[in-house]
Each structure stands twice: as C-alpha cells, then as structure tokens.
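First up is the structure itself, then whatever we jot down about it.
The values are calculated or read from the model by the stated rules, or taken from the named source; none is laboratory data. Keep in mind the model is a prediction, meaning the values are calculated, not measured. Positions of Cβ are generated from backbone atoms using ideal geometry, with glycine treated the same way; all protein chains shown enter the neighbour counts.
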Amino acid sequence: MPVAVVTDTTAHLPEGFAERLGIRVVPLHVLVDGAPAPGGAGFGPEELADALAHKRIVTTSRPTPAEFAATFRAALDEGADAVVSVHLSKRLSGTWEAAVLAAQEVGAERVRVVDSRTTAMGLGFAAIHAATAAGEGAGAEAVEEAATAAALRSRTLFVVETLEHLRRGGRIGHAAALLGTALMVKPVLHMADGEITPLEKVRTTGRAMARLVELAEDAARGEDDVEVAVHHLAAPDRAAELATRLDERLPTSRGCVVTELGAVIGAHTGPGVLGVVVQRPVSSC
C-alpha cells in the first residue's frame, strides 16, 4: 500500500483485524506500583483485576517518541510513501503528542498524525476506515480524511462499576461531578469533544445495559449500514447479552463485534466496564 496506517493499543481492534488490514499498532505501557507490569504485553485483564484487588497502583504511560519514530521508519523502509498515524484523544493521553514529535523527527511531509478525539473502537473504526482507503490505493490526504470522517461519525458510550479509577487517573474531566453519588447509581458516560463526560445516571446494572441499547439505537437511527462494537473488562456474559440485544434492535447493522479491553484502558475504568461504539456510515455525512 502507498500509505501505511498506524494506531495504538487503545483501539482494541478485534483479533486478526490489524494483521488483515496491515495496521501497525504501537503499545501504550502499563505500570504497577511505578514499575513496568510483570509480563509486559502479557499483563492482561486477569492480572489487572488481581493487581487492583490487592490495592496495587496501576497506571499507564504513553509510547515514547522513539518508539513511534521506529515504527514510522520501518513502514517507510518497507515501501510506504507516507504514514497516517491515528490515535486516542489527546485530551486523554500524551500519545498523540508523542506521535507528533516522532513525525517531526522522521519528516512531517511523510507522516500525518490524527487526533481521533475518542478511544476504543471509536478509534479502531477510524483506523479500519483509514486502512481500507489505503488498501484501495488512496493517497495520504485521503487516508487521513477517511480516519477523521469515521471518528466524527462514531458514538462511544459506556458504563463503569465505579468512577474511582477514572478519578484517580485524571481521565474523567467534567464527570467528576458524579462522584459521591449513591452507591447503587450507575453513571452512563460518553466521549464528547475528546473527553469522557457524564450523560446520565441510572439505578441498576440492568437499567444501565438497557440504556446502552437505547442510546445505541438512537445513534444508529436513520442509518442503513452501521458498524457496532461492544467492549467489556471481566464481564463476558454481560457483554454477550448486550451484543445479542444490539443485534436484535439494530437489524440493519453489519453485526456486532465483541472485544475485551486490555489493561491500558482497564486501569482507568476498572473491571466490569461495558461499552458500545456505533459507527455510522461515513458516506452519509
């Protein structure tokens, strides 16, 4: 392909998608008590849950500019004319900034860096659309536009068991207003303007799942060909139930993919998180 597409691990692409589409994925890092997580990339949901249960401090750090530069150079050395690097919101992480610094080092005329203003499969769908355009022979500007357009047409919604992890990591922005609510209140959050913000509160987990379905249906209304993803962390049964409900309520979708979030996002949401991403067709903009 004339244009190589790069993203980061917070995209949580379904298994096999990155390889099939030629997307290069640069990992963020997980730290436990200030040191690299045991097992490195093998530090997954079970290890995260165990660390949190034992009150260990789990944090994350961005990839270094050197790591991005190495990835960009490898893509160019292997024959790409340009690179489009698509990343989670710069309001949530320094990842975008690290990619920009690397692009300046490698050559800004050959590397374009996109702030998706979202994360998880909101970012994942943007990378997929960019890679699809690249696979069809599009140039760097068109590939960048495909990523940006897809990100603008995505809707990311999620429910967490507690806001404490988001609060500690400084990732909740205006959602801080929800802290201190009654124990049984479940906050429904979404991505807006690149930040995690509160949408509403519900009383039970069952009602939270129902609202995710209703809100996803609202996001897809009037569209004939939406893409849908469900995310979870240590909640496979609820994720499967949520995906089944979405398939029933969104009959014109392409189907629903289910992926488990890794330790990078999980460190900030905690186990039990459920999320839905609705990607509306870009052609209907």
Name the residues in segment 79-94 that are part of a loop (DSSP other than H, G, I, E, B) and touching a residue at least 24 places away in the same chain (Cβ under 8 Å), would you? A80, D81, L88, S89, K90, R91, L92, S93, G94
Could you tell me which of the residues E97, E105 is more than 20 Å from the chain's Cα centre (by Cα) and in contact (Cβ under 8 Å) with a residue 24 or more places away in the chain? E105
Failed item in (1) surrounded by 15 or more Cβ atoms within 10 Å (Cβ to Cβ); (2) in contact (Cβ under 8 Å) with a residue 40 or more places away in the chain, with A69 passing the rest: (2)
Out of all the residues in segment 265-281, is one or more surrounded by fewer than 20 Cβ atoms within 10 Å (Cβ to Cβ) and under 16 Å from R155 (Cα atoms)? yes
So, first residue outside the structural domain of Q279 (by TED's automatic domain parsing) in segment 118-129, second residue among the polar types (S, T, N, Q) and assigned to a helix (DSSP H, G or I), Cβ within less than 8 Å, six or more apart or across chains; the pairs are T119/T10; A120/T10; L123/T10; A126/T148
Can you tell me which of (1) surrounded by 20 or more Cβ atoms within 10 Å (Cβ to Cβ); (2) in contact with a Phe, Trp or Tyr (Cβ under 6 Å, 6 or more places away or on another chain); (3) more than 11 Å from V6 (Cα to Cα) is the one K90 doesn't meet? (1)
Assuming M184 fulfils every condition listed in (1) assigned to a helix (DSSP H, G or I); (2) modelled with pLDDT under 80 apart from one, which condition is it? (1)
Considering (1) in contact with a helix residue (DSSP H, G or I) (Cβ under 8 Å, 6 or more places away or on another chain); (2) more than 23 Å from G22 (Cα to Cα); (3) surrounded by fewer than 22 Cβ atoms within 10 Å (Cβ to Cβ); (4) not charged (D, E, K, R), say which one L76 fails and leave the rest. (2)
Within segment 53-66, considering residues that are touching a helix residue (DSSP H, G or I) at 6+ places or on another chain (Cβ under 9 Å) and not aliphatic (A, V, I, L, M), the one surrounded by the fewest Cβ atoms within 10 Å (Cβ to Cβ): R56
Residues (touching a residue at least 60 places away in the same chain (Cβ under 8 Å), of a type outside the set (V, I, T), assigned to a strand (DSSP E or B) and within 23 Å of V230 (Cα to Cα)) located in segment 1-28: D8
Which of the residues that make up segment 210-239 are more than 18 Å from the chain's Cα centre (by Cα), surrounded by 14 or more Cβ atoms within 10 Å (Cβ to Cβ) and closer than 22 Å to G262 by Cβ? R238
